[in-house]
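Taking it in order: structure first as C-alpha cells, then the write-up.
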Amino acid sequence: MSKSYAEQFYYLMKLGRVFELRAKEEYMKGNIGGFLHLAIGEEAVHVGAVLGFGKGDIFVHYREHVYALARGMEPKYVMAELFGKITGVSKGKGGSMHLYDPKFNFYGGNAIVGAHLPHAVGAAYARKYTGDTTGVLASFGDGATNSGNFFEAINMAATWQVPVIFLCENNYYAIGTRVDRASPFADLYKKAKDYMPAVQIDGMDVFEVFETVKKAKEYVETEGKPYFIEALTYRYEPHSMSDTGDYRSPRELKIAKDKDPIENLKKKGLEKGLLTQEYIKFVDDKVQQIVEEAVEFALNSPEPPLEELYNDVFCEVCIDVIS
Amino acid sequence: MLYREALNKAMDEMMEKDPSVVILGEDVGFYGGNYKVTEGLYAKYGRKRVIDTPIAENSIVGTAIGMAIGGLRPIAEIMTVNFSLLAMDQIVNQLAKIRYMSGGKIVLPVVIRMPQGVAKQLAAQHSQSLERFFASVPGLRVFVASDATTAYYGLKYAITTDDPVIFLEHTLLYPEKMEIEEEKNFSPYRARIKKEGEGITIVSYLKMLHDTLKVVPIIEKELNTTCEVIDLCSINPLDISTIANSVKKTKRLVVITEEPKTGSYANEIINKVLEEVFYELDAPPLKIGSEDVPTPYNRTLELASIPTPEKIASLIIKWGRKHGI
C-alpha cells in the first residue's frame, strides 16, 4: 500500500464525514428537504470501493454522497443538489438520493432498494458488447439481498457472464429490521456463492475494502464474470433523518464506533508511516474549508426557474418523422 | 404480409442499419419468439444481439435500462402485457423517471414491445389491456400499433427516438394479413383518419379499430349518416387537435377501446375532447369498452365481456337513435 493511497483515503473519508455532518446541520435548519440518508460510519466501504474499483460505471443506492465525492464530483455541486438548487448535479430535480453524472460514470443514486442491480448488469452487457472489458460496480445494502431485484440480477450476471462487482454493504439494518430477522442466515455472501466467487470482509478497514475491490476488478475484467463482496460495516446515524434509530442499543453503537473507520485508518496509517500528523491536520482544515465553501455555494445558488418543471421529461430535439 | 411480419421487418431494418440496436426477452432468440415476431433475427444477428433472458420481467426492463446507459438501443419484448405488471417498478420508477431525476443527463432510448388484449379463452391473467396504466405515467411515450403500417413505421420511430416508448400490439392481430402502405413522412404523433365522414366521429385503435370498421357500413345505413373513423398511433401524447376538429364537424363522439370501462383510456380521450369542444356537441359522448369483470374463460361469457363488431354496431345505433340521429 502506497503513501499516496493512504493519503487519498484519509482525505476522501474525512471529506465525506465532514460533508455529511454539515449536511445534517443544514437539514435541521430546513435548507435541505425530503429524505437525507447519512453514511457516517460507512466511509471505508464507499471510499475504498471507489478507489479500488477505478475506471468504469458505478451504480449506487440512495446513501451515496460519499461515493459521489470519492468519485470526484465536486462537493459544491453535490451540496447544491441537496439544497435543490439549479447548480446541483441533477439541476435540483433529483436531490440527495439521485446524484448522477455520466462524466464520472456515476449512474445514481437509486431510491428503490435493489432496482439499480439489473441496470449494472445491463450496462456491463453493453460494455462487453462494444468490446470494452471494463468492469461495473453495483453497491447495495443488506436489505436489498432479500429482494427479487438482487436474485434476478445475480442470476442474469452469472448466466450472461458479465463483469459486475456486487458490493453488499451489510450495516446490519434495513431501516429498523435487523439482518437476521429478514434472512434465514446473516452471512449474506452465501446468497451469491453458488453464482460467483463471494467473500466477506471487514468494511471498517479501508485497506481491506480497497484491496478486495481491486482484486475483484481484476477478476471480473480478466474472467468476464461477476464477483460478490460482502463488507461488514455500520451506520452511526439512523436510517434517515426521519428515523429515531432507537432499535439499536447504546452499547451496540459504542462497539461500532470503537471501530471507527477514520480513526482506524489514522492509527494504521501513522503506525505504518503512511500518514503524518501534519498531513492529518492539513486535511482536517482543508475539508472544513471545502465543505463551508460548498454550503456557501449551495446557499447562494439560484432556485431552478419554473420553466425547468417541463424540461428533461422527454428529448428536446426529437426526431420529427420517419420514412 | 402479416401484421407480425411488419414488426419483424421494422426491427430487422433498424438492426441492419444500427449495430447498437439489440433485442432482449423471453424466448425471443433461439426459440423465435412466442408469437414469432422476432423469427429469423437470432439466425441473422446472433445471440449477442437477440438476447434470451430468464423469466424475470422486472430485470428484462432493468437490464434494458442498463444497456441504454451503456450506449445500446434495446428493444425489450415482454411476452404479453399481463407480465409487464411484474416490471412496473422498472417501467414506472426507473425508465420513466431517470432522465428527469438526472436533470436530463441520462437518456434512455428503450422500447418495450408487448401484445395485449383478449384473445380466445386464455382466462383473466392472459387477457388484459393495460394502456391506461402506461399512458398516465409522465416520462413514457405510449404507442399502439393498429395495422401493418403503424406497426412498421411506429416501431421504427420508437427505436429511433431517444425517448422511452411503450409499444403495444394486439395478440389477435399478429396473424392478420395486411400490407404496409408506403409513407414518406410518418409521425406517430399524428392521429390517422381511416375513413372520412360527416355525422359521427369514432376514435379507436388496435383490434377494436378493425371491429369497428367492419360494422361502419351497417351503422351508416341504419342511422342514415356517415362516420369518421380515427385511429391513434400514439396515445401519450394524444393528437387531440385531429380528434377535436373532427368532432367540431360531426358534433358527435364515440370512443371504443378494449379496456374495462372504469378508468379506461377512453375516459381520457373523452375528457380532453370535452375540454376542447363541449359546446359543439349535439349528443353526450359514447364510450364502448369491456365489462368491469376479470375476463372469463368460458367462450360465451368471454364474448359477453368484450366489445364485438355486433355489439359495437348495436350500441352506436341505439345511442344514435336516442340522441336524434
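The values are calculated or read from the model by the stated rules, or taken from the named source; none is laboratory data. Quantities reported herein were computed from a predicted structural model and do not represent experimental measurements. Ideal geometry is used to build each Cβ from the backbone, glycine not excepted, and the neighbour counts take in all protein chains shown. In case anyone asks, the SASA skips ligands and DNA or RNA and just uses the protein heavy atoms, side chains included. Shrake-Rupley method; radii C 1.70, N 1.55, O 1.52, S 1.80 Å.
A few notes on this one:
- Inter-label distance for B:V293 and B:I240, nm, one decimal - labels placed 7 Å from Cα along Cα-to-Cβ: 3.5 nm
- Rounded tilt (10° steps) of B:206-223 against the dominant C-alpha axis of chain B: 10 degrees
- Residue with peak Gaussian network fluctuation, chain A [Cα springs, cutoff 10 Å], from A:D243, A:D260, A:D57: A:D243
- Taking the protein heavy atoms of the range B:3-173 in the context of the full set of protein chains, the accessible area attributed to carbon and sulfur is 54 percent at 1.4 Å.
- Applying a DSSP loop filter and a limit of 14 other Cβ atoms within 10 Å to the trypsin sites (Lys or Arg not before Pro) in the range B:95-142 leaves B:K120.
- 3J(HN,Hα) from dihedral phi, the range A:201-206, Karplus parametrisation 6.51/-1.76/1.60, rounded to Hz, x for glycine, proline: 9, 7, x, 8, 10, 4
- For chain B, modelled as a GNM whose springs connect Cα atoms under 10 angstrom apart, the maximal fluctuation among B:T262, B:T38, B:T150 occurs at B:T262.
- Take the Cα of B:K221, go 7 Å toward its beta carbon, and the backbone nitrogen atoms of the range B:302-325 under 15 Å from that spot belong to B:310, B:313-314, B:317.
- Here the calculated FRET efficiency for A:E296 and A:S242, from their Cβ-Cβ distance with R0 = 25 Å, stands at 0.40, rounded to the nearest 0.05.
- The slack between A:K267 and A:S323, meaning 0.36 nm per residue of separation minus the straight C-alpha distance, is 13.4 nm.
- Note on the range B:153-199 and the range B:1-77: Cα centroid distance 19 Å, given to the nearest whole angstrom.
- Helical content of the protein assembly as shown, expressed as a calculated mean residue ellipticity at 222 nm, amounts to -12500 deg cm²/dmol (DSSP H runs of 4 or more residues, -39,500 (n - 2.57) each, divided by residue number, nearest 500).
- Two-site label geometry, B:K248 and B:D282: point separation in nm, points 7 Å out along Cα→Cβ: 1.8 nm
- Applying 1/(1 + (r/R0)^6) with R0 = 45 Å to the Cβ-Cβ distance of A:K190 and A:F104 gives a FRET efficiency near 0.85.
- Contact order normalised by residue count of the range B:192-322, Cα under 8 Å, 6+ apart, percent: 29 percent
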